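Here is the structure we will look at, set down as structure tokens.
The values are calculated or read from the model by the stated rules, or taken from the named source; none is laboratory data. Predicted model only: the values in this text are computed from it and were never measured. Methodologically, a virtual Cβ is constructed for each residue, glycine included, from the backbone with ideal geometry; neighbour enumeration extends over all protein chains shown. Accessible surface areas use protein heavy atoms only, side chains included; no ligands, DNA or RNA. Shrake-Rupley method; radii C 1.70, N 1.55, O 1.52, S 1.80 Å.
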Amino acid sequence: MSALTITPAGPLKGTIAVPGDKSITHRAIILSALAEGDSAISAYCRGEDCLNTMRAFQAMGIQIEERPEQLRMRGKGFWGLTEPAQPLDCGNSGTGIRLMAGVLAGQDFFTILTGDDSIRRRPMGRVVKPLREMGAAIAGRKGGELAPLAITGSRLRGLTYTSPVASAQVKSSLLLAGLYAEGVTRVSEPRRSRDHTERLFRYFGIPVQEDGSTVSIQGRPSVGWAGKPVVVPGDLSAAAFFIVGASLVPGSDVTMTSVGVNPTRTGVLEILTEMGANIQVLNRRDEAGEPVADLRVRAASLHGIRIGAERIPQTIDEFPILCVAAVLAEGETTITGAGELRVKESDRIATMTIELRKMGASIEETKEGLVIQGLGAMKTKRLRGAACTSYGDHRVAMSMAIAGLTAEGATQIQDTDCIETSFPGFELKLLELLTKNG
Ligand code: S3P
């Protein structure tokens, strides 16, 4: 189990590329595996989460050549997957296990999906229940609430489903199952979650209808889809650590190139801008149906704001790092309606509260959110270095590293292997930005 020691450091400067988007990489692997013929997925996320999805499809007979810059896949068509000889290990990935559950529910073979300790604690009932309503045969611990999940492929029928949570994983799982179902599958959610599945479906030529926060798909398409090249945008959720780092460390000026700016993901940019951050969105363009831009961030003085339930889905993965921004801003930040944070890789409301308190932050948990009194770091008070832990949660680990940059004294973060799940080379990128000073 590795650790990371961060000592307070001077400005972050330079231009970097961040890893490919994790959500889009999972989806590109899945749709390329089900396509007919060759696809090349460039600038993909090489994090363990996506590599586990890649290995799962290799275990189901898909030929994938893994190169550092590109995954070369040979899809075998809509019915081309074959039964894996072993359980499929999704590692730490909620996206991997939930999306694959949707694909596997409609096959004509048996699979077991499992993952690490964290994944085996996370709620699976949110996909298992509607998939069963579609006719899926899924068994799991606690009546299917927890992984491992054992799936006996079945003949599915379309479903009209209203999800109680805004979750792209639930929506995407059902849309993927919907491809294999007879009739139409329609998913509504309380607020619109990220729409990468819908965009990639269209990019591959699979028709999908959207009406507000309802998405529907016609099952069993009469013709399949061909493989295509996919260029994956940089992951805004990975960029967020440096966006906050550059905002907080005086004198910083960082540019990140080709970052995904899909409006269902850009809550972090809007919230930080409202807090006073200096973020420029430059050179907007499109890649594989996704909007992309370069982001330039310069240090600025931040102030607290109120963040309500309506802004949670498009910011869901950025709350750990937004907590760091709020702790160092001037005044109070309140976050409400964010109960979903309790069922991520860790309970992020609890873990961020405990860890930032160790550094002297004033942060209180509520049932579904947080109340943070900012130190106003640009003025007098600072965080103090502390011995922290990640709880095996990659985003907690990287957020605490950024907090450490601004602290007095060294911060040690235990259990940082988890950073590999989404951001291999995070420490090197940080060093790169710190050595370009002056
Ligand atoms: C993801 C959706 C989000 C997000 C996760 C990735 C996806 O989860 O937190 O990191 O790729 O669909 P939910 O859809 O469960 O909110």
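State the number of residues belonging to the range 48-60 that are open to solvent by less than 10 Å² (accessible area, probe 1.4 Å) and either assigned to a helix (DSSP H, G or I) or not assigned by TED's automatic domain parsing to the domain that holds LEU200 (or both).
6
Being free of Cβ contacts under 8 Å to residues at least 60 places away in the same chain and open to solvent by 10 Å² or more (accessible area, probe 1.4 Å) is the filter here; which residues of the range 85-111 pass it?
ALA85, GLN86, ASP89, ASP108, PHE109, PHE110
For the range 252-298, what are the residues that are of a type in the set (Ser, Thr, Tyr) and open to solvent by 20 Å² or more (accessible area, probe 1.4 Å)?
Within the range 252-298, THR255, THR257, SER258, THR273 qualify.
From ILE335, ILE363, ILE312, grab the single residue that is β-branched (Val, Ile, Thr) and in contact (Cβ under 8 Å) with a residue 60 or more places away in the chain.
It is ILE312.
Suppose we filter the range 316-339 for residues that are part of a helix (DSSP H, G or I) and either surrounded by fewer than 20 Cβ atoms within 10 Å (Cβ to Cβ) or within 20 Å of the chain's Cα centre (by Cα) (or both); how many remain?
11
Let me spell it out: the conditions are (1) more than 20 Å from ALA43 (Cα to Cα); (2) acidic (Asp, Glu); (3) not assigned by TED's automatic domain parsing to the domain that holds CYS323, and ASP195 meets all of them except one. Which number is the exception?
Looking at each condition in turn, ASP195 falls short on (1).
Results for (1) surrounded by fewer than 16 Cβ atoms within 10 Å (Cβ to Cβ); (2) out of contact with any Asp or Glu (no Cβ under 9 Å at 6 or more places or on another chain), shown as yes or no for each residue.
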{"site": "TYR391", "(1), (2)": "no, no"}
{"site": "ILE402", "(1), (2)": "no, yes"}
{"site": "THR406", "(1), (2)": "no, yes"}
{"site": "ILE413", "(1), (2)": "no, no"}
{"site": "THR416", "(1), (2)": "no, no"}
{"site": "GLU420", "(1), (2)": "no, no"}
{"site": "PRO424", "(1), (2)": "no, no"}
{"site": "GLU432", "(1), (2)": "yes, yes"}
{"site": "THR435", "(1), (2)": "yes, yes"}
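State whether one or more residues within the range 148-155 are assigned by TED's automatic domain parsing to the domain that holds ALA35, open to solvent by 50 Å² or more (accessible area, probe 1.4 Å) and over 29 Å from ASP21 (Cβ atoms).
The answer is yes; a qualifying residue exists.
Among the residues of the range 262-298, which ones are of a type in the set (Asp, Glu), at pLDDT 95 or above and under 19 Å from the mean Cα position of the chain (by Cα)?
GLU270, GLU290
Can you pull out the residues in the range 340-357 that are more than 16 Å from the ligand (Cβ to nearest atom), surrounded by fewer than 24 Cβ atoms within 10 Å (Cβ to Cβ) and not polar (S, T, N, Q)?
Once the filter is applied, which keeps residues that are more than 16 Å from the ligand (Cβ to nearest atom), surrounded by fewer than 24 Cβ atoms within 10 Å (Cβ to Cβ) and not polar (S, T, N, Q), the range 340-357 yields ALA350, ILE354, ARG357.
When the residues of the range 1-47 are filtered to those that are β-branched (Val, Ile, Thr), closer than 30 Å to GLY409 by Cβ and in contact with a helix residue (DSSP H, G or I) (Cβ under 7 Å, 6 or more places away or on another chain), which remaining residue is surrounded by the fewest Cβ atoms within 10 Å (Cβ to Cβ)?
Per the criteria, the residue is ILE16.
I need the full set of residues from the range 168-193 which are open to solvent by 10 Å² or more (accessible area, probe 1.4 Å) and over 17 Å from ILE30 (Cα atoms), in order please.
Within the range 168-193, GLU182, GLY183, VAL184, ARG186, SER188, GLU189, PRO190, ARG191, ARG192 meet the criteria.
Is one or more of the residues making up the range 197-211 open to solvent by less than 10 Å² (accessible area, probe 1.4 Å), closer than 30 Å to PHE78 by Cβ and under 14 Å from the mean Cα position of the chain (by Cα)?
There is at least one residue in the range 197-211 that is open to solvent by less than 10 Å² (accessible area, probe 1.4 Å), closer than 30 Å to PHE78 by Cβ and under 14 Å from the mean Cα position of the chain (by Cα).
Do we find that LEU174 is at pLDDT 95 or above and out of contact with any Pro (no Cβ under 9 Å at 6 or more places or on another chain) in this structure?
Considered against the rule, which asks whether it is at pLDDT 95 or above and out of contact with any Pro (no Cβ under 9 Å at 6 or more places or on another chain), LEU174 comes out as no.
Could you count how many residues in the range 63-84 are buried (at least 22 other Cβ atoms within 10 Å of the Cβ), among the hydrophobic types (A, V, I, L, M, F, W, C) and either more than 23 Å from the chain's Cα centre (by Cα) or under 14 Å from ASP116 (Cβ atoms) (or both)?
Residues flagged as buried (at least 22 other Cβ atoms within 10 Å of the Cβ), among the hydrophobic types (A, V, I, L, M, F, W, C) and either more than 23 Å from the chain's Cα centre (by Cα) or under 14 Å from ASP116 (Cβ atoms) (or both) within the range 63-84 amount to 1.
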